[in-house]
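One structure below.
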Amino acid sequence: MNDQGSTRLRVAKGALWFFVGVAAVVAVARFLAGLGAVTNLTDRTPWGLWIGFDVMGGVALAAGGFVIAATVYVFRGERFRPLLRPAVLTAFLGYMAVAVGLLFDIGRPWNIWRPMFFWQHHSALFEVAWCVMLYLTVLALEFAPVPLESSRFHRLTKALKSATLPLVILGIMLSTLHQSSLGTLFLIAPARVHPLWYTPILPVLFLITAVGLGMGMVIVESKVTAWLYRRKAEDEILNNLTKPLAVTLLLYGAVRLIDLLVRGQGGFLFDGSWESTLFWFEMLISAGLPTLLILGGFTARSGRALFFVGLLVVFGFVLHRINVGGVSGIGLTDTGYFPSWEEVATSLGVVSAATLAFLFIIERFHVYEPGTEEVLAEAEVTVDRVRYLPPMATLRSSTMLFVIGASLAFALLPDGLVFGARPEKTPVAGPRRVLAELVSQDRPPHRFMKLDLDAERVGGDIHEALLLDGNRNGEFAVFDHDAHAKRRGGAAACADCHHLNRPSDRETSCFECHRDQYLETDIFRHQRHVESLGGNGACAECHTDLNATRTRKNVTHCTECHRDMVGIGLKALIPPPGKDSDFHAPSYTDAMHGLCKKCHDEEDEKAGVTIPTLGLCGTCHTEPADLRPRRSRTVKED
C-alpha cells in the first residue's frame, strides 16, 4: 500500500482536478468576454466574491507563514519548527493564488504591472500592491532552499539559508503593513460598510484576524495532510499553538465589542436585523466557540476537536473579511448582489489549483522536517514505500475528472458566451407626440429638448415634439420634428429621413420598417407577392433569369414595380437601396443612431468646432423618466 494510491488521496485529488477543470472554462470565458459575462458585478457593486474571498480572505489565509516564522526565529519557539516549512509553503502558494485572483478581478488584467512604475503615494491599494509583490518575493526566497536541497546548487542553498533571519524580519514587516492596509482601504467608504463592521480601527482588526487566521490555517493544513498521507498527527505541537490562538481570539472579541460600545454603535447589536444576526453568528464561530473549546480542554483531549477549532477560526475570519468587503453593505446600498456560479467556480478553482500545487511539492521535497514524515499512523505504510510519481491510473482519472468539470462548465455557460450575443426580439412601438421644453445651458449640448410632463399647452419654450422610445423602457430621446423639418427645407425634405415608403404610403415612419429594437427586420413579404402575382407560376415576373439560382441578389429590383417606394428629397441622408440590396432593415437602434448621429457629426464638422457636441449622447437622450399616467392636477405643484 502507498499514500499515492490510497482511496482518500485519489478522491481528494480527483475533486480538486474537477474544480480546476470547471474554473479553466470560466477563466477562458472571463478573459475573452469580460467581467460582465461571468459575474453579477455592476457599477454599483464593482467588488464581489473575488475581492472579498480570493484577495482579502486569501491574504489572511496565507498569514500562517509570517506568524510561524516570527514564532520560530524572533520568539525562539523551536518546538514549532516542524510547522515552519509547510506554513511558508502555504503562504507562498496563498499569495500566488491572490495574484491569480487579482488577474480575474481587474477589468484589464494586462495592466497589473502598472503599480510598479506609476506610483500613487496616497493610495492604500498602492501600498498593498507593493507589499504583496515584495512579500511574495520574500516567501519565494525563504522557501527556495527546500527544493534546492536535492540539487547541485549547494552554495546558493547555503547562501539562502544564511539569509533566512533577515528575510523573516522583512517578511514580518511587509505582512504587518499590508494586512492592516487592507482594512485602511475600507475607511474611505463608510457608506458602503455597515456600522457593525465599519470602524476607524479596521486596520488593527485586520491585523489581529490575520494572526488568528494564520494559526487556524496551520492547524487545518497539518491535520488534513496527516489524514491524507497517513502521517502521525502533530497534535502535541498544535496544542501548544492553541494557547496563543485563544489569546488572539479573546483580544479580537474584546476589541471589537468595546469599539462598538465606545463609538455608540451598540444599539445595532440587538436591533433584530439580519446584519445583527450575521454579526453574532460570525463572532460565535470565529471567536466564541473556538475559545470555549480551547479553554475547556477539548482540543487537548481530541484531535477532531483541534481540527474543528482550526476550521471554525478559518471560516469565521474569512467570513469577516467577506462581510467587510461587501456583504454588510448590501442593505445600505440596496444592491442585492449575489455571486454568480461562475464567480464561485473560479474561487474554488483557484484554491484547488493551489492545493494541488501544495500536494505536488510535499510529495517531492522534504517540506516536513526530518523525522516528522517517518512516523506513520499505520504500520504497513513506511516512508521508503511511498511512491511520489502518480501511477498511470491516477493520472488518467485526474485527467478524466478535469475534462468532466470543463465539459460541465461549458454546458452551463450562457448561450451568449458560446454562440455570441443574441438579443431577444423586442418589438418597436411608434413615436408619441408630447410637450417638451427647449432648454438652454452654458455647457454642451447648449440647446436641447426636455420632456415636460406638467406642461399643458404650447407656448414660450414649450413645443410639440416626438418621444422616441421604441422599446418603452423609459430611456428615450425627445425629437423636435417640426424644427428639424424646417431646418432641412420644409415639406420637400421629408425624404431626407423617410427614405423608403410602404406601398401607397408617404413618409413612412421609421418603426414601420425597423420593427425590432435590436434585430434587423426582413421587410420583403415573399408569400404575399406570390399570392398577388398568381401563385408559383408567376415566379418569372421577378426571377427573370431562369438559369440562375433564385435569390434576392439576382431578382428584379423592387423599385421597378414600386416606383413610389423611394421618396424624392433635396438631399437624402440615407442612400436608396441598390440593386444588390436584400431588403433587410437594420434594428431600430442602429437606424436611429445611423441617421441622427451621422447628421449631427456632419453639422459639427461644418461648424468647425474643436470639441464635437451634437454627436454626444446627451444631445438626444435626457434623463430617464417615469412615463406612467399621472393623476390630474387641481392646484399648482412645486
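The values are calculated or read from the model by the stated rules, or taken from the named source; none is laboratory data. What you see is a predicted model; the values in this text were computed from it and never measured. Here the Cβ positions follow ideal geometry from the backbone for every residue, glycine too, while neighbour counts run over all protein chains shown.
Among the conditions (1) closer than 30 Å to residue 37 by Cα; (2) free of Cβ contacts under 8 Å to residues at least 60 places away in the same chain; (3) hydrophobic (A, V, I, L, M, F, W, C), the only one that residue 75 does not satisfy is (1). Per the conditions (1) of a type in the set (Val, Ile, Thr); (2) without any contact (Cβ under 8 Å) to a residue 12 or more places away in the chain; (3) within 18 Å of residue 368 (Cα to Cα), the sole criterion not satisfied by residue 7 is (3).
Remark: residue 298 matches the filter, which requires a residue to be assigned by TED's automatic domain parsing to the domain that holds residue 206, free of Cβ contacts under 8 Å to residues at least 60 places away in the same chain and within 20 Å of residue 223 (Cα to Cα).
The residue list 15, 70, 97, 33 contains one member that is surrounded by fewer than 23 Cβ atoms within 10 Å (Cβ to Cβ), touching a helix residue (DSSP H, G or I) at 6+ places or on another chain (Cβ under 6 Å) and closer than 30 Å to residue 415 by Cα, which is 33. Taking the criterion of being over 21 Å from residue 19 (Cβ atoms), hydroxyl-bearing (Ser, Thr, Tyr), in a helix (DSSP H, G or I) and in contact with a Leu (Cβ under 9 Å, 6 or more places away or on another chain), the residues of the stretch 293-351 that qualify are 299, 328. Note on the stretch 384-440: among residues that are hydroxyl-bearing (Ser, Thr, Tyr) and in a loop (DSSP other than H, G, I, E, B), the one that is modelled with the lowest pLDDT is 388.
Okay, residues lined up against (1) farther than 27 Å from residue 617 by Cβ; (2) aromatic (Phe, Trp, Tyr); (3) in a loop (DSSP other than H, G, I, E, B):
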site: 492; (1), (2), (3): yes, no, no
site: 548; (1), (2), (3): yes, no, yes
site: 559; (1), (2), (3): yes, no, no
site: 563; (1), (2), (3): yes, no, yes
site: 590; (1), (2), (3): no, no, no
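Of all residues in the stretch 449-490, those that are charged (D, E, K, R) and under 18 Å from residue 618 (Cβ atoms) total 5. Test residue 252 against the criterion of being in contact with a helix residue (DSSP H, G or I) (Cβ under 9 Å, 6 or more places away or on another chain), of a type in the set (Ser, Thr, Tyr) and not in a helix (DSSP H, G or I), and give yes or no. Against the criterion (in contact with a helix residue (DSSP H, G or I) (Cβ under 9 Å, 6 or more places away or on another chain), of a type in the set (Ser, Thr, Tyr) and not in a helix (DSSP H, G or I)), residue 252 does not qualify.
The residues of the stretch 208-223 that are buried (at least 24 other Cβ atoms within 10 Å of the Cβ) and not hydrophobic (A, V, I, L, M, F, W, C), listed by number, are 209, 212, 214, 216, 222. Scan the stretch 183-237 for residues that are in contact with a Leu (Cβ under 7 Å, 6 or more places away or on another chain), β-branched (Val, Ile, Thr) and within 25 Å of residue 366 (Cβ to Cβ) and the total you get is 4. Do you know which of the residues in the stretch 269-280 that are in a helix (DSSP H, G or I) and either in contact (Cβ under 8 Å) with a residue 24 or more places away in the chain or not assigned by TED's automatic domain parsing to the domain that holds residue 247 (or both) is farthest from the chain's Cα centre (by Cα)? Once the filter is applied, the top-ranked residue is 269.
Of the residues making up the stretch 198-207, those that are of a type in the set (A, V, I, L, M, F, W, C) and either without any contact (Cβ under 8 Å) to a residue 40 or more places away in the chain or crowded, with 22+ Cβ neighbours inside 10 Å (or both) are 206, 207. Criterion first (buried (at least 20 other Cβ atoms within 10 Å of the Cβ), of a type in the set (A, V, I, L, M, F, W, C) and within 28 Å of residue 440 (Cβ to Cβ)) does residue 500 satisfy it? For residue 500, the condition - buried (at least 20 other Cβ atoms within 10 Å of the Cβ), of a type in the set (A, V, I, L, M, F, W, C) and within 28 Å of residue 440 (Cβ to Cβ) - is not met. Here residue 515 meets each of (1) closer than 30 Å to residue 543 by Cα; (2) loosely packed, with under 13 Cβ neighbours inside 10 Å; (3) in contact (Cβ under 8 Å) with a residue 12 or more places away in the chain with one exception, condition (2). What about residue 99, is it more than 26 Å from residue 73 (Cα to Cα) and in a helix (DSSP H, G or I)? Here the answer is yes, as residue 99 does meet what is asked. Looking at 253, 214, 266, which is the one that is under 28 Å from the mean Cα position of the chain (by Cα) and among the small types (Gly, Ala, Ser)? Step by step, each of 253, 214, 266 is checked, and only 214 is under 28 Å from the mean Cα position of the chain (by Cα) and among the small types (Gly, Ala, Ser).
Of the residues making up the stretch 33-72, those that are in a loop (DSSP other than H, G, I, E, B) and in contact (Cβ under 8 Å) with a residue 40 or more places away in the chain are 34, 39, 40, 41, 42, 44, 45, 47, 48, 62, 63. With respect to the conditions (1) surrounded by fewer than 20 Cβ atoms within 10 Å (Cβ to Cβ); (2) assigned to a loop (DSSP other than H, G, I, E, B), residue 482 falls short on a single one, namely (2).
Each residue in the stretch 485-522 was checked for being under 18 Å from residue 600 (Cβ atoms) and touching a Phe, Trp or Tyr at 6+ places or on another chain (Cβ under 8 Å), and 1 pass. For beta carbons closer than 8 Å, sequence separation of 6+ or different chains, a first residue in the stretch 167-193 that is within 14 Å of residue 129 (Cα to Cα) and a second that is assigned to a helix (DSSP H, G or I) and of a type in the set (D, E, K, R), the qualifying pairs are 177/127; 178/127; 181/127.
Select from the stretch 204-247 the residues that are of a type in the set (Phe, Trp, Tyr) and assigned to a helix (DSSP H, G or I) and write down the one among them that is farthest from residue 359 (Cα to Cα). Applying the filter and picking the extreme gives 206.
Scanning the stretch 563-570 turns up no residue that is touching a helix residue (DSSP H, G or I) at 6+ places or on another chain (Cβ under 9 Å), at pLDDT 80 or above and either over 24 Å from residue 614 (Cα atoms) or of a type in the set (Gly, Ala, Ser) (or both).
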